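Below is one structure, written out as structure tokens; comments come after it.
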Amino acid sequence: MRILLIEDDPMIGQGLRRSLEDAGMSVDWVRDGQMGAEAITVGDYAIVLLDLGLPGRDGTEILRTVRGSGDKTPVLVITARDELDDRIASLDLGADDYLAKPFDLRELMARIRAVVRRHAGQAASVIGNGEIEIDLASHELTYRGQTQILPAREFALMHALLKRPGTILSRTQLEESIYGWGDEVESNAIDVLIHYVRRKFDKDIIYNVRGAGWMVAKGKA
């Protein structure tokens, strides 16, 4: 899962990035509101963690601009502003959730999972296509009666595919979903991840569409 963190406090930002990466997520961190607004438009993020009191551009302005342009990237506001009016304003501008600092990391992780689930139209922590299921909390993947916990990158690959079952995703699309700005991505990185997943389960878990990319089946109705 690739996350955009827009947070100007270096101590908070470093701590969050480290914790999120330890949980198997790829994190792009920017400390300026203007840079954050631009990053949202060019990145393929599962969710944006947005502070409100930012230099360059306030978080509420970012929300207004992003939603005004039709961008539906999930946004979870994380801020020291805990007044009711601030919460109402952010939610009315299009934030998917609001968490006041200081907060427990476990609650942040649970809220991230909840927002991502809602965005995918799922009520539970398990998403899938009727044949493949992944648990966002435990990183378990189940396929044809077999369940295994996936390493971070393999989980991110399957999460990207299962968000759009039946849709072919190109190499570039998958790389943008899995890797952050600072990650060194080998030319065959996606092929290697797919090989590992297939080796754990079966080659039919992921379909290759020659010259176009990869997909998982749309699944059972």
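The values are calculated or read from the model by the stated rules, or taken from the named source; none is laboratory data. Remember, it's a predicted structure, so these values are computed and weren't measured experimentally. We place every Cβ from the backbone using ideal geometry, glycine too, and count neighbours over all the protein chains shown. For the accessible areas, the whole protein counts, side chains as well, though only heavy atoms, and no ligand, DNA or RNA atoms are used. Shrake-Rupley method; radii C 1.70, N 1.55, O 1.52, S 1.80 Å.
The ASP9 and ALA152 beta-carbon pair, evaluated with R₀ = 22 Å, returns a calculated FRET efficiency of approximately 0.30.
Taking every C-alpha pair closer than 8 Å and separated by at least 6 residues, the mean separation divided by the residue count of the chain gives a relative contact order of 17 percent.
For the residue pairs LYS101/LYS200; LYS72/LYS218; LYS101/LYS218, the C-alpha atoms sit more than 31 angstrom apart in LYS101/LYS200; LYS101/LYS218. For the stretch 47-105, carbon and sulfur atoms together expose 50% of the accessible surface, with a 1.4 angstrom probe and every protein chain in place.
Simple spin-label estimate for ALA80 and ARG144 gives 5.5 nm between the two label positions (7 Å along the Cα-to-Cβ direction from each Cα). Between the beta carbons of LYS200 and VAL42, assuming R0 = 35 Å, the FRET efficiency works out to 0.60 to the nearest 0.05. Taking each DSSP H run with n ≥ 4 as -39500 (n - 2.57) and averaging over every residue of the chain yields -12500 deg cm²/dmol at 222 nm.
Per residue, the solvent-accessible area of the chain (1.4 Å probe, heavy atoms of protein chains only, all protein chains present) comes to 49 Å².
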